[in-house]
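Student: I'd like to ask you about the structure that follows.
The values are calculated or read from the model by the stated rules, or taken from the named source; none is laboratory data. Worth saying up front: this structure is predicted, and the values here are computed from it rather than measured. Backbone-built Cβ (ideal geometry, glycine too); neighbour counts: all protein chains shown. All accessible areas refer to the heavy atoms of the entire protein, side chains included, with ligands and DNA or RNA removed. Shrake-Rupley method; radii C 1.70, N 1.55, O 1.52, S 1.80 Å.
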Amino acid sequence: MKKSIFILLFCGIFLPTFAQKAIEIDSSLQKKEIIDLSDQTLFLLDSTKQKTLDEIKKSRFQDFQKIPDFNHISRYLANVWLKFRLKNNSQTDTLKALFSAGSSFQTLLYTIDNQYIINQQTTNKLFPDQQRPFRFDGQYLPIIIPPKARYDFYVEISWFSLKKIRIQPTIVTYEWEAKKKEVDLYDNRFAIGCNYALIGILLFLALFTFLQYLLNRQRYILYYSLYLFAMSAFVAWGFEHSSYGFFLLKYSSLLLILLRQNFYVLVAQFCYFLFIGEFLASTHTHPRIGKLNNFLLKSIGILIVLEVLFTLILQRYDWEIYLSIFTQVFLSVFGALMLFYVYQIKTKLAFYIKIGSTFLLLGGIFGFISSWMNWVPQSSDLLDHYPNVYFNACILLEILFFSMGLAYKATEVIHQKNDLEQAVSLSELNTLRLQINPHFLFNSLNSIKSYIIKNKTDEAADYLTDFSTLIRSILQKSKEQIVSLKEELDTILLYTKLEQLRFQKKFDFIFEISPEINTESVMIPALLLQPYIENAIKHGLANKKEKGTLSLIINDLGESIEILINDDGIGRKHASELKSNSDGHQSMGLKINEERLKLLNKIHDWNIRCHIMDKFDSENKPIGTKIILIIPK
């Protein structure tokens, strides 16, 4: 009984291996050029993906004709092992040929002679040519068999092509492979040219718009540039899954092998919705679009995290397939909804987004349908990802209209900037009129007259000299928008000195500045401080019975400076009650200065801040005013 069981086990396990015949090859291979090994090949599925060659040798192989069909999910569930035996019948010639396992990415070939491994080779379609055993194509592995020799071959297939799934072990001559490649290159010349052209256009526009961003610092230009870079990576990823497609991704197994095309789709769409939201200013002007845009950005962010989790961390590419299908449906539905909302906007700027987004949506839908219905080839012997003509055409049209939209908005920005500069010019003229107002001129000349009448000619000469210097400085600064802090302080200190003399030393003046501040390198708007100093003197200190104090203190805050203008006058409320500003000059001066700061902040993208604070004592009586100016360096 035991002997019978042993015989049955022996026949069931080892007989298929011993029964495998060697495929005899001789000089006739040169005439045949290609030999199909399917009839004499055995296969084994390794669901653990971790078995060693020794473990595989002890496992039971099955007839190749029983190999299952692989779909986009099942191809990730097991590694495929093949086994065949070759014999060189020639007495004198060494057999040199090429072996292909079919549409696989990574193939490991063991050559065994009498149970000893004499050669081990790995090829991958994604390898650069210098890393391939056969440098002209990552699908083939060289085989060398001496005369009268018989070798066993074990083949491990661990990666399949992403679209074309076919296992077909063959041996071909070098001449046949060269002819086949020549035919393939000719048949795929249009597809290869389209891929190179599309990637070139996308990269050129991406670099161009990024340089525009560096010049203009507009975020919507940055987002559009990132969108174009992501689209370039999306197209390059598919193209580089071929031995003859090469850009930059093949330098990184992470970008080309571990990450899948769905990752680049999600990143591109994330940048696209960032661009749409910023370009249309949807958060403020179109609340519905803003809310939907924020929802899509958060959702796509979550999908990107899941994509990275499934591919890089868990390496569950079967789950990633379901995620990519969900992504296509999700983006199509909500992309159509976003487009519906955008069509509600009736501006010329939105017109370009409407048309461009329509082409993008149609490209995605028709690209998916045409591939699903086999209207266009999905892959070829040369290109695992055949370019979809519908999708590529729509992408080019989308880029055309988006670029026209960028150009139109740039023109709008130029017109707005010109209008702002005109407004600033008017503001500067108004400021000039306020700096040398008639009251100041009249009172200064009266002070000079008083010195002369009292025979104080030296004082009158000094006053006149300082007065003429101040007038000349104000006239010069009125032609400039920005001056150094040193120039501004020279003017202000001279103005304060004249006001002290004019008011007969009615107030003391304190000036302090941090030694860390380089007054020649810090730039501020010209004639910025004078209205605040004048207001403190005329309406705060001049109406005070006792002697007052005016202080100008400048502190270093690191990235900015702080200017403090402090007086202990009667306060703004009391001054208003006295109606000391009946001519309306000073209130208008502060208002114009405030508008001027807003315009300068908007034009130069500054962040100059001004805070005016009323001071009160313990009994809530006004005891002066404090002005704080924060100016970036």
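Student: In debye to the nearest 20, how big a dipole does the chain give about its Cα centre with +1 on each Lys and Arg Cβ and -1 on each Asp and Glu Cβ?
Tutor: Once rounded to the nearest 20, the dipole reads 1200 debye.
Student: Here's a follow-up. Considering the dipole of the chain built from charges on the beta carbon (Lys and Arg +1, Asp and Glu -1) around the Cα centre, which of G290, F204, Y317 is farthest to its positive end?
Tutor: Y317
Student: Still on this structure, I have one more. Angle, helix 457-477 long axis vs. longest principal axis of the chain, Cα atoms, 0 to 90°, nearest 10?
Tutor: Computed tilt is about 30 degrees.
Student: Give, as ranges by residue number, the residues of the stretch 466-493 whose backbone N falls under 19 Å from the point 7 Å along Cα→Cβ of T519.
Tutor: Of the residues in the stretch 466-493, 466-467, 469-478, 482-493 have backbone N under 19 Å from the label point off T519.
Student: Considering the dipole of the stretch 37-170 built from charges on the beta carbon (Lys and Arg +1, Asp and Glu -1) around the Cα centre, which of I112, F84, A101 is farthest to its positive end?
Tutor: A101
Student: Quick one: angle between helix 438-453 and the longest Cα principal axis of the chain, in degrees between 0 and 90, rounded to 10, please.
Tutor: Helix 438-453 sits at roughly 40 degrees to that axis.
Student: Given a Förster radius of 41 Å and the C-beta distance between K505 and N620 as r, what FRET efficiency does 1/(1 + (r/R0)^6) yield to the nearest 0.05?
Tutor: 0.85
Student: Could you list which residues have their amide H under 5 Å from that of S379, counting only those 5 or more apart in sequence or on another chain, with H placed in the peptide plane?
Tutor: Under 5 Å from the amide H of S379: Y386.
Student: Mind checking which lysines have their C-alpha under 20 Å from K449, skipping anything on the same chain fewer than 8 residues away?
Tutor: Once the sequence-local lysines are set aside, what remains near K449 is K497, K505, K506.
Student: Carbon and sulfur atoms: what percent of the 1.4 Å accessible area of the chain do they account for?
Tutor: 59 percent
Student: Quick one: angle between helix 287-308 and the longest Cα principal axis of the chain, in degrees between 0 and 90, rounded to 10, please.
Tutor: Tilt relative to the chain: about 40 degrees.
Student: Roughly what would the spin-label model give for K148 and I612, points 7 Å off Cα along C-beta, in nm?
Tutor: Using points 7 Å along Cα→Cβ, the separation is 11.1 nm.
Student: I'd like the distance between the alpha-carbon centres of the stretch 307-344 and the stretch 366-385, rounded to an integer number of Å.
Tutor: First find each Cα centre; the distance between them is then 20 Å.
Student: Report the one residue of C610, Q269, A149 whose Cα lies farthest in the direction of the positive end of the charge dipole of the chain (charges on C-beta: Lys and Arg +1, Asp and Glu -1; origin at the Cα centre).
Tutor: Towards the positive end, the residue furthest out is A149.
Student: Find how many whole Å separate the alpha carbon centroid of the stretch 469-505 from the alpha carbon centroid of the stretch 599-617.
Tutor: 21 Å
Student: Is it possible to state the helix-based mean residue ellipticity at 222 nm for the chain, with each DSSP H run of 4+ residues giving -39500 (n - 2.57), the sum divided by total residues, to the nearest 500 deg cm²/dmol? What is it?
Tutor: -17000 deg cm²/dmol
Student: Ok, one more. What FRET efficiency comes out for L349 versus Q91 if R0 is 60 angstrom and r is the Cβ-Cβ distance? Round to the nearest 0.05.
Tutor: About 0.15, to the nearest 0.05.
Student: Can you tell me which lysines have their Cα less than 26 Å from the Cα of K58? Leave out same-chain residues fewer than eight positions away.
Tutor: Those lysines meeting the cut-off are K2, K3, K21, K49, K66, K83, K87.
Student: Averaged per residue, what accessible area in Å² does the chain show with a 1.4 Å probe, protein chains only?
Tutor: Normalised by residue count, the accessible surface of the chain is 52 Å².
Student: Give me the number: length gained by fully extending I118 to R472, i.e. 0.36 nm times residue separation minus the C-alpha to C-alpha distance, one decimal in nm.
Tutor: Working it through step by step, the gained length comes to 117.9 nm.
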